[in-house]
1. So which residues in the stretch 143-180 are buried (at least 16 other Cβ atoms within 10 Å of the Cβ), part of a helix (DSSP H, G or I), over 23 Å from the mean Cα position of the chain (by Cα) and not aliphatic (A, V, I, L, M)?
2. Just name the residue that is surrounded by the fewest Cβ atoms within 10 Å (Cβ to Cβ) out of those in the stretch 1-26 that are among the acidic types (D, E) and part of a helix (DSSP H, G or I).
3. Among the numbered criteria (1) more than 19 Å from Y85 (Cβ to Cβ); (2) in contact with a strand residue (DSSP E or B) (Cβ under 8 Å, 6 or more places away or on another chain), which single criterion is violated by W124?
4. Within the stretch 105-142, how many residues are part of a loop (DSSP other than H, G, I, E, B), more than 18 Å from the chain's Cα centre (by Cα) and of a type in the set (S, T, N, Q)?
5. Condition first: touching a residue at least 24 places away in the same chain (Cβ under 8 Å) and closer than 20 Å to D97 by Cα. Can you find one or more residues in the stretch 201-214 that meet it?
6. Filtering the stretch 210-244 down to residues that are over 22 Å from V364 (Cα atoms) and among the acidic types (D, E), which residue is surrounded by the fewest Cβ atoms within 10 Å (Cβ to Cβ)?
7. Tell me, please, whether a residue that is crowded, with 18+ Cβ neighbours inside 10 Å, closer than 18 Å to L232 by Cα and of a type in the set (K, R) can be found in the stretch 27-42.
8. Can you tell me which residues in the stretch 97-127 are of a type outside the set (S, T, N, Q) and in contact with a Phe, Trp or Tyr (Cβ under 7 Å, 6 or more places away or on another chain)?
Amino acid sequence: MGKQTPLYETHVESSAKVVDFGGWDMPLHYGSQMKEHELVRNSAGIFDVSHMTVVDLSGERVADFLRYLLANNIDRLKQPGKALYSCMLNEAGGVIDDLIVYYINDTFYRMVVNASTREKDLAWIEKHAVQFNIDIKERDDLAMIAVQGPLAREKVHAVLSKLGDKKDRVSELGQFFIAMFDDDWAIARTGYTGEDGYEIMLPNEVASQFWNECIAQGVKPAGLGARDTLRLEAGMNLYGSDMDETTSPLESALGWTVAWDPEDRDFIGRKVLAEQRAAGIKRKLVGLLLEDKGVLRNHQAVIVDGLEAGEITSGSYAPSLGTAIAFARVTADIGDRAKVDIRGKQVDVRVVKPPFVRNGKAVV
């Protein structure tokens, strides 16, 4: 048996199919992954993401520390509550993890990192924080719930109006901002589905009540299966599949997350990354859209002119498009057509730039 979130019993009572995910017992679906995907695109779904790791960083030099730790530049965060997506790199420019960091004030930032990388992330952060005298606090006392979809915000507002005085501040929250409250609640207008909505961090002991209040408002539970197809359609990378410590952001379609200015900001991995940029990358991450029958899966070979040009890193059927899609790491000179080997049969794919779906509509 793996680790369990505060909502584990709620999932079991809802007849969820529970699977191991990074050492956690998590719901894969509640009956139909396809229906859960569609309800998030059309209405609102609720996800338990309490397996994610919330870390609070504080100290007089915390900003200096994050300027050094992250490839993106926290100086871009001009307003309290603003969020930033970034990669955390090793000295060779490989991706240790991708994460979101929230600017609360000049001496306090909150970071959310992936579940499967928790131990190595914390070890890496603690190792490099020593010289900055930073206080690091893992918030394992908090659960994390995501409510996503075109109706997600109004559903959450209805719940908040019954639970306290949070509704007014949250309803005014801009995209990629967080609101924090004195009772350890924090509500961020962020997500991993390509839809609007919130990610709510709240004390473990009230997680079930909030979950059930959302269900009472007509929000439906959704599992990790739908979360994966939603993020793939939205063009969002999955750590461990689309990037890891052997790949750089430049090779993972994440070059936009690297802040090169100011030139004198020395972040971990910068030297190797700059050399890679100057020389030109030899491989890159692209999107694939299947134009034949079949399903694209991880590790299937991508073929160009009869030769292997790379492989799929994430692949699945895309319910919003009615066909299969994928990310693939391929040679940098690939054109707009290729083939994929599916069990010995080569099928046609179109090479595209993700996302595949935005605001519920196809964009490829």
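1. H157, K167
2. Start the filter on the stretch 1-26 by keeping residues that are among the acidic types (D, E), which leaves 9, 13, 20, 25.
Filter once more, so that each one left must be part of a helix (DSSP H, G or I): 9, 13.
Values: E9: 11, E13: 8.
Out of the qualifying residues, it is E13.
3. Evaluating W124 over (1) more than 19 Å from Y85 (Cβ to Cβ); (2) in contact with a strand residue (DSSP E or B) (Cβ under 8 Å, 6 or more places away or on another chain) leaves (1) as the failure.
4. Residues of the stretch 105-142 part of a loop (DSSP other than H, G, I, E, B): 106-107, 114-117, 133-134, 139-141.
Then drop every residue that is not more than 18 Å from the chain's Cα centre (by Cα), which leaves 106-107, 133-134, 139-141.
With the extra rule that they be of a type in the set (S, T, N, Q), the set shrinks to 107, 133.
Number satisfying all stated conditions: 2.
5. No, there is no match, as no residue in the stretch 201-214 is touching a residue at least 24 places away in the same chain (Cβ under 8 Å) and closer than 20 Å to D97 by Cα.
6. D244
7. Yes, some residue in the stretch 27-42 is crowded, with 18+ Cβ neighbours inside 10 Å, closer than 18 Å to L232 by Cα and of a type in the set (K, R).
8. In the first step, residues of the stretch 97-127 are kept if they are of a type outside the set (S, T, N, Q); the result is 97-104, 106, 108-113, 115, 118-127.
Result: D97, D98, I100, V101, Y102, Y103, Y109, R110, A115.
Every number here is computed from the coordinates shown, using simple stated rules; none is lab data. Because the structure is a prediction, the values reported are computed rather than measured. Note that each Cβ is placed from the backbone with ideal geometry, even for glycine, and that neighbours are counted across all protein chains shown.
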